[in-house]
Each structure stands twice: as structure tokens, then as C-alpha cells.
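The values are calculated or read from the model by the stated rules, or taken from the named source; none is laboratory data. Note that the structure is a prediction, hence the values are computed from the model and not measured. Please note: Cβ atoms are built from the backbone with ideal geometry, for glycine as well, and neighbour counts cover all protein chains shown.
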Amino acid sequence: MESADVVIAGGGIIGCALAYQLSKRNVDVLLLERETLGSQSTGKCAGGVRQQFSSEGNVRLQRMSVGMLERFQDEIGHPADFRQIGYLFVLTQPQQVEDFRHNMEMWQRVGLNDARWVDATEASRMVPILNVEDVLGCTFCPSDGIASPADVTSGYAAAARRLGARLKEGVAVTGIDIASGKVQGVRTSAGDIATRLVFNCAGAWAPSIGRMAGLEIPILPYRRHIAVTGTFPAMPRTNPMTVDFQTSLYFHPEGDGVLIGMSDREEPPGFATDVNWEFLEKMFAQAARRAPALSAAGVKTAWAGLYEVTPDHQAILGPMPELEGFWCAAGFSGHGFMQAPAAALLLTQQLLDHTSEIDISSFAFERFARGALVKERNVI
Ligand SMILES: Cc1cc2nc3c(=O)[nH]c(=O)nc-3n(C[C@H](O)[C@H](O)[C@H](O)COP(=O)(O)OP(=O)(O)OC[C@H]3O[C@@H](n4cnc5c(N)ncnc54)[C@H](O)[C@@H]3O)c2cc1C
């Protein structure tokens, strides 16, 4: 029977980053992806990388991820296409301004010193197409930006393989073997594998892997849309990622066009990923209000993918207390591309060194039982 020290279920960004970090520490890793690497949420994502979160844990994690993406090419030998064009959060409600003032104090305290306030006049200089008539203020962090999900995922996957990890596509995990409260192996569509440790990296499908082990993992799938326009010269390539916080509309330069996204906050959870064109009309109507020039831009392509959302919009990272040998790295709640570099390194440290350079205990599964939930409020 095939065996591995660690089996990773799921080959999105977190599975591939973890395969790399574990192999770098000489762990024998087998990653199983039932489709192709990076083909699900990771391949549908907008590539946004920001540090402007409302909870301290996320800011600390993200500061680390940004540093890792800045050094990605040197370390991994593959581009990340990380363009630090900044993130501009556009605030139109007095309560948002108050909340972001508190955020700003916390950001400074934890060392996110380049984030600053921007008034409406400066915002319209930064984003020439922005309608600022109702804008009360903005926050801007120039070290935020966008990176390429395809490059980062394939970079980690290739580096993991060079270090000896086995990454298999087209193989589904179908069961978890347990004896005496411990993981003994996994069953797959291509045979059984003996292992003492499984990492659940199955994103929106993480609950189904959990159920194979008798565990309830609170992650729900939500469809999220993106559209990309044709050529749009009115937006400079240095235009920051711009977020209309009230509606969750966001846009950033993409190729010679513009990538636009927005959350349908009315839609219940579900696994559908076909494009809902009625919702896209609503998204474009909002885009036309916030950036009127965008109404002239035709849609070149559109798609939808899944957010993997936990009750507090925070990832679940670390061992599951009820079952020895079952670890979780899932439920990134729509910010998993940007969090995966740091999360994978810190989980590897937690596993092998029993400590990590940034404390990730606030992401532990136990928080649900304790009822100690700190909601991440800066979600888009
Ligand atoms: C429209 C959209 C925009 C987004 N924008 C951003 C953004 O700007 N920035 C950001 O950081 N995040 C963004 N996200 C969120 C981000 O894409 C996810 O948080 C991240 O990709 C999650 O990565 P993952 O590896 O956990 O999941 P996934 O990429 O979904 O990987 C999980 C993998 O597990 C596999 N799998 C499932 N079941 C099994 C099984 N039984 N056996 C084997 N394999 C299995 C799946 O096939 C899948 O490939 C966005 C998401 C969407 C949909």
C-alpha cells in the first residue's frame, strides 16, 4: 500500500503552499486533488492581496504574506506577478469611518505603518474614474496589491515537486480510516493510502472531508462573480484595487481592461457556479454609480466561483481536537489566496516545532466550542 507522512486533501493555493513548506522541512508529502491543481476557488479569484483587515490576527498574517509574496521569485524561482498598486477602501457611511479609524489605530500598533487616510480629492486623483460625491473618506495602503493566483499556485506546486512531494491530479479522497481515535489512512478513487496525518485543504468542500472523519466543519459555499471588461484606457495600470465598502463592489486593472467583482449578499449558500447575468446587471449598475466611465466598457468575460465562509469569516487553521492526525487549513472566507503563503508556513511550524513565529491560536477550531468568535468585518 502507498504511504505518506502527510496526505493533503485538495490542491488549491493552500494545499500547494503547504506541500511546499512541508517538503522544505523534509516531510514526505502526498497531495491529492480530485480535479486539477488550482482549478476551483483559487483559479476563480481576483488576486487581491491586502493587509487592511479589522481583526489583528488577519493583519499580522497578511503582513507576513505580503513579505513572502515580495520575496516569492527569489525563494520559489517563479514569478508571483505581485504588483503593489495598493488597496483603496472607499467609505460612504459615518459608521464605516468610525470603524476604520479604530482599524487604523490597530494597524499602526501592529506595524502596518504605510496605511493612511485619503480624502475624496486625493482619492479622485488616485482613481480618476471614481465618483466621490458621497465619499466621506478612504483608507489606502500602498503595499497592498494584486498577484497572479495561477503563478503563485503553480510556483508552489513546482517547488514542492522539486523537493520530492508527490502531487496527484484526478484523485479524490473518498474516506478517512480511523482506529482508536487516530487517523490511520485515507481512501481514494485510486486506492488506499496509509498515513497518520491528513490536512483538510478542500476549500468549500472541506466539510465533506470532515464528514468522512465524523467531524462537522462550519464552512458554507457562496457563489461570487467577476467580470472583466475589454480594453479600457481610462484606467491607468497603476490604479489601486478600489473597494466601495458599502456595496462590496471592487475593481482593479486587469491586462488592458478592468476586473470588476461584487458579492450578492442576498444569495443563499450553494455550490452553483454558473454566471447569474441578472446579478451581473446589478453589479454593472453599481459600477456605473461608483465609476460612471465603466458603463462604456463592454464585458469581455465573466465567471463565478465559491467563497468558503465560516461563521466569523476567519480561516480554520490547525489540528481538530476530536481526532488525532486530522488538521484543517480551510474556510478562508474569500481571502484565502492572500493568506495561504503565511498560513502554510505557520502551520508547518506549528506541526513540526509546536510553536509558530506568529500566534495562530485565534484561528483554531476550538473557538467555535468556546463561543469566542471575533468576526472579521472587512469582508468584501
Ligand atoms: C470570485 C472570487 C474572487 C476572489 N477574490 C479573492 C481575492 O481577491 N483575494 C483572495 O485572497 N481571495 C479571493 N478569493 C477567495 C480565494 O479564491 C479562496 O479563499 C482560496 O482560493 C481558497 O483556496 P483553497 O485552496 O482553500 O480552496 P480551493 O482553491 O477551492 O481548493 C480546494 C481544492 O480541493 C479539491 N477537492 C475538493 N474535494 C476533494 C476531494 N474529496 N478529494 C480531493 N480534492 C478535493 C477541489 O477540487 C479544489 O481544487 C476569491 C474567490 C472568488 C470565488
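Give the residue, chosen from GLY57, GLY67, GLY15, that is within 14 Å of the ligand (Cβ to nearest atom) and either of a type outside the set (D, E, K, R) or at negative phi (or both).
Unique residue meeting the criteria: GLY15.
Looking at (1) within 6 Å of the ligand (Cβ to nearest atom); (2) not assigned by TED's automatic domain parsing to the domain that holds CYS201, find the lone condition where ARG34 falls short.
(2)
Of all residues in the range 22-31, which are within 16 Å of the ligand (Cβ to nearest atom) and over 16 Å from THR195 (Cα atoms)?
Across the range 22-31, there are no qualifying residues.
Within the bounds of the range 322-343, is there any residue that is in the same structural domain as VAL6 (by TED's automatic domain parsing) and surrounded by fewer than 16 Cβ atoms within 10 Å (Cβ to Cβ)?
yes
If I filter the range 137-153 for residues that are out of contact with any Leu (no Cβ under 9 Å at 6 or more places or on another chain) and within 18 Å of VAL6 (Cβ to Cβ), do I get at least one hit?
No: the range 137-153 contains no residue that is out of contact with any Leu (no Cβ under 9 Å at 6 or more places or on another chain) and within 18 Å of VAL6 (Cβ to Cβ).
Out of the range 172-211, which residues are among the hydrophobic types (A, V, I, L, M, F, W, C), crowded, with 19+ Cβ neighbours inside 10 Å and near the ligand (Cβ under 10 Å from one of its atoms)?
VAL173, VAL186, CYS201, ALA202, ALA204, TRP205, ALA206, ILE209
Considering only the range 328-359, state which residues are farther than 30 Å from LEU91 by Cα and assigned to a loop (DSSP other than H, G, I, E, B).
HIS354, THR355, SER356, GLU357, ILE358, ASP359 - these are the residues of the range 328-359 that are farther than 30 Å from LEU91 by Cα and assigned to a loop (DSSP other than H, G, I, E, B).
Among the candidates VAL135, VAL97, VAL186, which residue alone is over 23 Å from the mean Cα position of the chain (by Cα) and assigned to a loop (DSSP other than H, G, I, E, B)?
Answer to the check: VAL135.
Residue check: is ASP74 more than 20 Å from the chain's Cα centre (by Cα), under 30 Å from LEU163 (Cα atoms) and in a helix (DSSP H, G or I)? Break it down stepwise before answering.
Working: more than 20 Å from the chain's Cα centre (by Cα): yes; under 30 Å from LEU163 (Cα atoms): yes; in a helix (DSSP H, G or I): yes.
Yes, satisfied.
When you scan the range 211-231, how many residues do you find that are outside any strand (DSSP E or B) and more than 20 Å from the chain's Cα centre (by Cα)?
Of the residues in the range 211-231, 8 are outside any strand (DSSP E or B) and more than 20 Å from the chain's Cα centre (by Cα).
Quick one: which of ALA179, ALA165, ALA123 is of a type in the set (Gly, Ala, Ser) and out of contact with any strand residue (DSSP E or B) (no Cβ under 6 Å at 6 or more places or on another chain)?
Going through ALA179, ALA165, ALA123 in turn, the sole match is ALA179.
Which numbered condition trips up TRP117, out of (1) touching a residue at least 24 places away in the same chain (Cβ under 8 Å); (2) hydrophobic (A, V, I, L, M, F, W, C); (3) not in a helix (DSSP H, G or I)?
Here TRP117 meets the rest and fails (1).
Which of (1) in contact with a Pro (Cβ under 7 Å, 6 or more places away or on another chain); (2) under 22 Å from GLN84 (Cβ atoms) is the odd one out, the single condition ILE226 does not satisfy?
So ILE226 meets the others, but not (1).
Hey, can you tell me all the residues within the range 38-54 that are in a loop (DSSP other than H, G, I, E, B), more than 16 Å from GLY155 (Cα to Cα) and within 13 Å of the ligand (Cβ to nearest atom)?
Of everything in the range 38-54, those that are in a loop (DSSP other than H, G, I, E, B), more than 16 Å from GLY155 (Cα to Cα) and within 13 Å of the ligand (Cβ to nearest atom) turn out to be GLN40, CYS45, ALA46, ARG50, GLN51, GLN52, PHE53.
Report, by residue number, each residue of the range 3-37 that is farther than 20 Å from ALA190 by Cβ and assigned to a loop (DSSP other than H, G, I, E, B).
If the condition is that a residue be farther than 20 Å from ALA190 by Cβ and assigned to a loop (DSSP other than H, G, I, E, B), then ARG25, ASN26, VAL27 are the ones that fit.
Does GLY331 satisfy being closer than 17 Å to ARG224 by Cβ, of a type outside the set (A, V, I, L, M) and at pLDDT 95 or above?
When the stated conditions are applied, GLY331 passes them.
When the residues of the range 212-240 are filtered to those that are over 22 Å from ALA315 (Cβ atoms) and touching a Gly at 6+ places or on another chain (Cβ under 8 Å), which remaining residue is nearest to the ligand (Cβ to nearest atom)?
The residue in question is HIS225.
Residues in the range 324-336 that are within 15 Å of ALA19 (Cα to Cα) and near the ligand (Cβ under 8 Å from one of its atoms): how many?
The initial filter retains those residues of the range 324-336 that are within 15 Å of ALA19 (Cα to Cα), namely 327-330.
Within this subset, residues satisfying the condition of being near the ligand (Cβ under 8 Å from one of its atoms) are 329-330.
Total satisfying the criteria: 2.
Scanning the range 274-319 for residues that are assigned to a loop (DSSP other than H, G, I, E, B) and β-branched (Val, Ile, Thr), which turns out farthest from THR229 (Cα to Cα)?
The residue in question is THR310.
Within the bounds of the range 80-90, is there any residue that is touching a helix residue (DSSP H, G or I) at 6+ places or on another chain (Cβ under 6 Å), over 26 Å from HIS225 (Cα atoms) and not acidic (Asp, Glu)?
No, the conditions are met nowhere in the range 80-90.
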